[in-house]
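Novice: This is the structure I have questions about; it appears just below.
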Amino acid sequence: MKIRHTLGCLATVVLGLAVSSAHPAGMMAAFLLLPAFTFWQPSRRICYAAATGYYAGALWPLAVGAKNFFGPDVSVVGAMAFWAICAMLLALPYAMLWTGKTRQLLWRAPVALVIGIVPPLGLIGFASPLTASGFLFPAWSWSGFALSLGGCGLIAAYPKVGFLGLTSIALIANSLHPGDQQPPPGWQAVDTHLGAISHGPVSPLREYLSRAGHTGPGRRLARTDHRFPGERGTPLDGVDGSILETKPSIPFVKTARSL
């Protein structure tokens, strides 16, 4: 592999890392640059290496967060294998549809992206470059998605023309976008984070009830004498004005009345 090709593969890793940041600029950069960095490689093998590098860079959080998928007992080897297998599988469509014929890239590149987001491969379709279509063409719905697919093929076949054309249309689309719709007055966000349920022995009921007490102004949870099997600690303390009545044999809240 020549130095130029090696640098191209390293560039796709950088694009993947930019996507892993979840910043819109990183996603748009990956969408606009990845087709050229992968499909313009001189061979199918190098194209696959470049695509694998992109997904390896974009999916590194999978190795760190494997406990969210497999529970707290997953090994480091298992987490790394999950990350590597996902990256190699998602890169396969690029290798399968690579070609040295420029015009055929007009349809091959979009098909490669679509294969990565529909089942069965779409079941692990993380970090698809098509995610950027919502930022490039906000509120354009399926029209923006179709335009993104067509633009991807154009960038892969004719990078300069495709890049300039797609970025120009994207700038117009964003300038015409009125902005995100604001939530109705009086709506309040509620933190529904239930703790590290998959990372260790915690009580999902206690976590849920601690959050449920904040869903409305002036309402609090009082104490309940019910414990789940294996649950340690004292019963849930009341926080503000409501009583939860439970039966010891029924593992859920029966009724609630305001004080």
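Novice: Which condition breaks for ALA22 when tested against (1) over 23 Å from LYS160 (Cβ atoms); (2) part of a helix (DSSP H, G or I)?
Specialist: (2)
Novice: Another question, then. Among all residue pairs at least 6 apart or on different chains, which show Cβ distances below 7 Å where the first residue, located in the stretch 27-42, is closer than 10 Å to THR12 by Cα and of a type in the set (Phe, Trp, Tyr) and the second is at pLDDT below 90 and part of a helix (DSSP H, G or I)?
Specialist: PHE37/GLY8
Novice: While we're looking at this one, here's another question. So which residues in the stretch 90-112 are buried (at least 20 other Cβ atoms within 10 Å of the Cβ) and not in a helix (DSSP H, G or I), if there are any at all?
Specialist: The answer is LEU97, TRP98.
Novice: Here's a follow-up. Based on this model, can you work out whether VAL118 counts as surrounded by fewer than 21 Cβ atoms within 10 Å (Cβ to Cβ), in the same structural domain as ILE155 (by TED's automatic domain parsing) and in a helix (DSSP H, G or I)?
Specialist: Criteria not met by VAL118.
Novice: Turning to a different aspect of this structure: With surrounded by fewer than 16 Cβ atoms within 10 Å (Cβ to Cβ) and either in the same structural domain as ILE124 (by TED's automatic domain parsing) or assigned to a helix (DSSP H, G or I) (or both) as the only criterion, which of PRO61, PRO35 stands out?
Specialist: After applying the criteria, what remains is PRO61.
Novice: When you scan the stretch 17-30, do you find a residue that is surrounded by fewer than 24 Cβ atoms within 10 Å (Cβ to Cβ) and within 23 Å of GLN104 (Cβ to Cβ), even just one?
Specialist: The answer is no, given that none of the residues of the stretch 17-30 is surrounded by fewer than 24 Cβ atoms within 10 Å (Cβ to Cβ) and within 23 Å of GLN104 (Cβ to Cβ).
Novice: Filtering the stretch 157-186 down to residues that are among the small types (Gly, Ala, Ser) and surrounded by 10 or more Cβ atoms within 10 Å (Cβ to Cβ), which residue is farthest from PRO42 (Cα to Cα)?
Specialist: In this case the residue turns out to be ALA173.
Novice: On to the next question. On the basis of being surrounded by fewer than 18 Cβ atoms within 10 Å (Cβ to Cβ) and at pLDDT 90 or above, does SER133 make the cut?
Specialist: No, not satisfied.
The values are calculated or read from the model by the stated rules, or taken from the named source; none is laboratory data. This structure is a prediction, so every number in the text was calculated from the model and none was measured. Here Cβ is always computed from backbone atoms with ideal geometry, including for glycine, and neighbour counts include all displayed protein chains.
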